[in-house]
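One structure is given below, encoded as structure tokens.
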Amino acid sequence: MSTQELKQEILKTIEEIPESVLKDILEYLKHIKDTASTPDDEDRKFWMNVSKQGIARAYSDDEPEYSPNDVKEPNPLYKSWKKDK
């Protein structure tokens, strides 16, 4: 079921629910939205931090620069992202 179809089904169902129950449903939906977004944000921050730490460990400030002469076996599928001048 697509998102649009799901929304339409929800709207049809809402038409059949008494107003007093709709208020409770709205409060419940707000609660779900608030609690569901918190872990995602925390997870995202956690994994961003893990990524930063990994890159910091892999590359130091004094990394050597490599020239094309340092390449022992060129990748035949490599396509340069720079435009030749």
*Which is the longest run of the chain containing none of the chymotrypsin sites (Phe, Trp or Tyr not before Pro) found in DSSP loop states (not H, G, I, E, B) with at most 15 other C-beta atoms within 10 Å?*
1-58
*Filter the GluC sites (Glu not before Pro) in the stretch 25-74 down to the DSSP loop ones having no more than 14 other Cβ atoms within 10 Å, then list what survives.*
GLU65
*asked:* Helix 19-58 against the longest principal axis of the chain: what's the angle in degrees, Cα atoms only, rounded to the nearest 10?
replied: 10
_Helix-only mean residue ellipticity at 222 nm, the chain, DSSP H runs n ≥ 4 weighted -39,500 (n - 2.57), per residue, nearest 500. What is it?_
-22000 deg cm²/dmol
*Separation between the GLU16 and GLU73 pseudo-spin-labels, each 7 Å from Cα along Cα→Cβ, expressed in nm?*
6.5
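None of the figures in this text is laboratory data; all of them are computed from the coordinates on show. Quantities reported herein were computed from a predicted structural model and do not represent experimental measurements. All Cβ positions, glycine included, derive from the backbone under ideal geometry; neighbour counts span all protein chains shown.
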